[in-house]
Amino acid sequence: VPIIPAGGDGAAIARVERDAGGQATIFLPSRRDLFCSGGCYDQASMCSNATYVRRKLRDLEKGVCQMCGLDCMKLVVALRGVKTRDVSGDALRSALEERRRILCTHSPTFGQRGFQVVANRLLQCPIEGNAWHADHIVAVFEGGGCSGLGNMRTLCVCCHKQVTARQANARARARARSKITFRQRKGGHLSDEDDEDGEDENGGGEGSHGAGAEGKGTGNPKKRKVFFRSKPKKKYLD
């Protein structure tokens, strides 16, 4: 198997294998070797690898929510202290109740209405992925998708749910405003065309209004409604 050496240290960065037909396949030790430098690798991973983003953010902010200040890593350790494996019945229910007590002690928000789903998920499986999320400070739909680690922050699942709901409402209002604006522009554009078509067909605005009043003119062809009568059903006698 041919080996491609790397520089002066003698370490191999890739190996080349050839099949029976002579087709060569290059194997790299890691994905990082596909990039020219570590900076390029970090920039690409921040835009495409959610696990990489969480790892970097965990090293930077230690799992502390940037809105409510909840130490999510400490909370997960406390919940894991109550064992639920290999127990059932009353012992399992008492263990889950003890976890719920610990959860509400660390963050009363989990006991409020609207957060039961995230609370139960964390009680059943106390891992960091169920305790905190990586959130974009400038939302992705606002252009903050590939802004780097400076646009990321740690949020507990409750705060992240609230932020996501506010962003969804903002997007819905923006879509509603855009639809209204589009309809207004489209309506104004069509009304201008309709006026021009009416003047061309009827010889001016006054003639068109007069013909419409008498019932002899055709009016605006784009706004004219056409009704079709259904054919009468045939009756068959026995």
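The values are calculated or read from the model by the stated rules, or taken from the named source; none is laboratory data. What you see is a predicted model, and the numbers here were worked out from it, not measured in a lab. When we count neighbours, we look across all protein chains shown, and the Cβ atoms used for this are built from the backbone with ideal geometry, even at glycine. When the accessible area is computed, the model is the full protein with side chains, heavy atoms only, and any ligands, DNA or RNA have been set aside. Shrake-Rupley method; radii C 1.70, N 1.55, O 1.52, S 1.80 Å.
Is there a residue in segment 129-136 that is crowded, with 17+ Cβ neighbours inside 10 Å, at pLDDT below 50, touching a helix residue (DSSP H, G or I) at 6+ places or on another chain (Cβ under 6 Å) and at negative phi?
The answer is no, given that none of the residues of segment 129-136 is crowded, with 17+ Cβ neighbours inside 10 Å, at pLDDT below 50, touching a helix residue (DSSP H, G or I) at 6+ places or on another chain (Cβ under 6 Å) and at negative phi.
Residues that are charged (D, E, K, R): which helices (runs of 4 or more DSSP H) entirely in segment 45-108 hold 3 or more of them?
50-61, 90-106
Cβ-Cβ under 6 Å, sequence separation 6+ or interchain: first residue in segment 93-115 and within 18 Å of Cys125 (Cβ to Cβ), partner of a type in the set (D, E, K, R) and open to solvent by 50 Å² or more (accessible area, probe 1.4 Å). Which pairs?
That search, which allows pairs on different chains as well, returns nothing.
How many residues does segment 73-95 contain that are of a type in the set (A, V, I, L, M, F, W, C) and open to solvent by 40 Å² or more (accessible area, probe 1.4 Å)?
The qualifying residues number 5.
Residue pairs, Cβ under 6 Å, 6 or more apart or interchain, first in segment 126-154 and of a type in the set (Lys, Arg), second open to solvent by less than 60 Å² (accessible area, probe 1.4 Å) and not in a loop (DSSP other than H, G, I, E, B). List them.
Final answer for the pair search is Arg153/Asp135.
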